Structures are given as structure tokens and as C-alpha cells.
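Quick note: the coordinates plus some simple rules give every number you see, no bench work behind them. Computed from a prediction, not measured in an experiment: that's the story for all the values here. Here the Cβ positions follow ideal geometry from the backbone for every residue, glycine too, while neighbour counts run over all protein chains shown.
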Amino acid sequence: MRIVRPKPLTPEAFAPYGEVISVRDEAEHYPINYGATTRYHALAHATAQDGGVILSIFRSTPLADLTLKIMERHPLGSQAFMPLNGRPYLVAVAPAGDLDLARIEVFLAGGDQGVNYAAGTWHHYSLALEAVSDFLVVDRQGPGANLDEIELAEADWIRVLLER
């Protein structure tokens, strides 16, 4: 079994897999609503082949054992997760194409950071930490098979160790 420690989630480190959604100075931003609001513009770009883009809420329960056993991807559209409870969570990803287990990376996302997985990017399902957590999810709805899921052989499981 491989053991990994999560890396900090930064736009640069996550770029091969999609986009980080967060308020940051380098993002295009400007005042609106008579100066009462700052708009952080186009932080991520939703994609959907032959379908529409929908918004959902996923309620995720932390795993008792932080071992990655499954990876999935959505070949027909992007999938964005934005935490609603301000809690950190884990993001496990691998590049699009054939799943390469050696290229799985794990990131520790802050409670103020979202991710937008590019179409075809391999990822683990929601990995809430600390407590049950809600995520606003933006993804594709439409015809066609938009979920590929692979259960890893036990020898390929990945244990995630958090710094404590």
C-alpha cells in the first residue's frame, strides 16, 4: 500500500487537473453593487458536452479510514466543488487518460477553496474532514455515460496521512 501526505492546494500545483476556486489578489476582481461587493470574476469555467450545467449540494461524511480505494472521472464535463461549511477537505486526483496510479496526488484544500475538475480528470469522491460537510457542486446533466469508476485492487490502495 502506498502512503501519501497531502500537499497544499495552490492554483499552480492543481493546474494539470483543473482550477482552484478561491478569493485571491491575482484573480480578476472589481467592485460592483455601488462598491458594497467585490466580484472575483470567472474563477472557474464549467463545461458540459451535449447537456446543461446544474448546481447541487453534496453532503459528505468523513471516512473513518483515509484509504483511497476508488477513483472516478466525468468524461463529458467538468465538476466543481465549493465547501459551504468552511472546513478543510482532501482532493485526490490523477491526470486524464488511462488511470496511472503512480500519478495520483493528494491536496489539502482549505475551507475557503473550491476545485473545478477538468473533464476526464480522475478524482476520488468528496473527502470531507473533521465533520459532515456540504459542498456546492456544479456539473453536467445530460445524455450519455458521464461517470467512469475504478475500484483499486487492495495492493494499489493509497493511505493518506494527515500532519497532526
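Please list, ordered by chain and number, the residues whose modelled amide H lies under 5 Å from the amide H of residue 121; skip anything fewer than 5 residues away on the same chain.
Hits under the 5 Å cutoff: 74.
Please compute the Kirkwood hydrodynamic radius of region 1-116 from all pairs of different C-alpha atoms, in Å with one decimal.
16.1
Sort 57, 150 so the one with the fewest other Cβ atoms within 10 Å of its own Cβ comes first.
Details: 57 9, 150 14.
Least crowded to most crowded, the residues run 57, 150.
Give the shape of region 40-94 as rounded, prolate or oblate, defined through the alpha-carbon gyration tensor: a ≥ b ≥ c are the square roots of its eigenvalues, a/c under 1.5 means rounded, and otherwise the shape is prolate if a/b is larger than b/c and oblate if not.
oblate
Simple spin-label model, 7 Å along Cα-to-Cβ: residue 134 to residue 15 in nm?
Distance between label points: 3.5 nm.
Quick one: Karplus J couplings for region 51-67, per residue in order, coefficients 6.51, -1.76, 1.60, θ = phi - 60°, nearest Hz, x for Gly and Pro?
So the Karplus estimates, Gly and Pro as x, are x, x, 9, 10, 10, 9, 10, 9, 9, 10, 9, x, 6, 5, 10, 7, 10 Hz.
Per-residue ellipticity at 222 nm for the chain, helices alone: DSSP H runs ≥ 4 residues times -39500 (n - 2.57), over residue total, nearest 500 deg cm²/dmol?
On the way: 1 runs with 4 residues, N = 164.
-500 deg cm²/dmol, from helical runs alone.
Only counting other Cβ atoms within 10 Å, I'd like 157, 122 sorted with the fewest neighbours first.
157, 122
Which shape class applies to region 49-143: rounded if a/c is under 1.5, otherwise prolate when a/b exceeds b/c and oblate if not, where a ≥ b ≥ c are the square roots of the Cα gyration tensor eigenvalues?
oblate
Sorted by mean Cβ packing within 10 Å, highest first, what order do the peptides 100-109, 47-56 take?
100-109, 47-56
Quickly work out the residue 65-to-residue 28 label distance, labels modelled 7 Å from Cα along the C-beta direction, and quote it in nm with one decimal.
Taking the two extended label points, one gets 4.7 nm.
Given Cα pairs under 8 Å that are at least 6 residues apart, what percent is the relative contact order of region 2-160? The partial results should precede the final answer.
Numbers: 378 pairs, mean separation 57.9, N = 159.
About 36 percent, as a whole number.
Could you tally the net charge around residue 102, taking each other residue with its Cβ under 14 Å from the Cβ of residue 102, Lys/Arg +1 and Asp/Glu -1?
So the surrounding residues net to -2.
Measuring from centroid to centroid over Cα atoms, what is the spacing of region 1-21 and region 72-145 in Å?
If you average the Cα positions of each part, the centres end up 11 Å apart.
What size of dipole, in debye to the nearest 20, comes out for the chain about its Cα centre when the only charges are +1 on Lys and Arg C-beta atoms and -1 on Asp and Glu C-beta atoms? Don't skip to the end; give the middle numbers.
On the way: 13 positive and 21 negative charges, 68 e Å.
Roughly 320 debye, rounded to the nearest 20.
List, in order, the whole-Hz ³J(HN,Hα) value for each residue of region 40-46 obtained from phi through the Karplus relation with A = 6.51, B = -1.76, C = 1.60 and θ = phi - 60°; use x for Gly and Pro.
Karplus-based 3J(HN,Hα) across region 40-46 equals 9, 8, 6, 6, 8, 10, 6 Hz.
Pick out, in residue order, every one of the trypsin sites (Lys or Arg not before Pro) in region 57-94 that is DSSP loop and has at most 15 other C-beta atoms within 10 Å; say none if there are none.
Values: sites: 59, 69, 73; in loops: 69.
Here the trypsin sites (Lys or Arg not before Pro) that fit, given the DSSP loop and packing criteria, are 69.
Provide 20, 132 in ascending order of the number of other Cβ atoms located within 10 Å of each residue's Cβ, fewest first.
132, 20
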